[in-house]
1. How are the C-alpha pair distances of region 45-113 spread across 5 Å bins, as whole percents from the shortest bin up?
2. How long are the semi-axes of the equivalent ellipsoid of region 63-173, taking √(5λ) for every eigenvalue λ of the Cα gyration tensor, in whole Å from largest down?
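Only the coordinates and a few stated rules stand behind these numbers; no lab work does. Please read these numbers as outputs of a predicted model, since none were measured by experiment.
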Amino acid sequence: MRKKSFLFLLIGALLFMPIMANAETFDQTDFSESTMMSGYIVSELDRQKDFENQLNEIIEKIKLEDSLIHPNAGDHIYTSEIVQTEYSIVEGFAGGQLPGGYQFTDPGGGIVFYDPSGGPKVSSSVSFDIPIKILTLSLGLGNANESIVGVGVPIPQSTTKYYKVWAKNTYKTNQVNIYKQITQNSPKILDSISYITTLYRTSQSVKVVPNP
């Protein structure tokens, strides 16, 4: 019985040794070139508000166009349905930064603020099933600098390196079918299909850039 217990302990020790070696190597890795610093998932309330604002604009446009054709269009009833959702991820340097990047020499480094709205655009494609459609989106990387209102991104202290904020944004695109009813009791008719994109998640890291 003692021999079996010793054998189990020996096997356990052998299995644990490589894990400790990997952990030691991991701790010694230099993450200063690209370090994830901050990020958040956009609140469901904000995403829903953005979605509804875009949807209302689309429906108001449909109503206006409809009123030019049908005198009683003001009585028509419009409803919507989300039939498919797809996600896109884009990343790159945020706009609005100093061309040569940021260097903070004081202990503790400094902070640059990030706003996910606007900024450079990156193309991304998503596909939908019914009807089959490949949609090309132009998605923003946001802006970052020391004066805008936004989330703070810590910049490491350095006397030799310059940093820029690197953004990674996830966007959510909904296919929305919009239906029209002539009256309350009439059947729903598919009027149009729209695609509404909202920001779902944003995260920021800092990357070393060549000295200016």
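1. Pairs per bin, as whole percents: 3, 10, 12, 12, 11, 9, 9, 8, 7, 7, 5, 3, 2, 1, 0.
2. On the way: eigenvalues 379, 59, 25 Å².
Values for region 63-173, descending: 44, 17, 11 Å.
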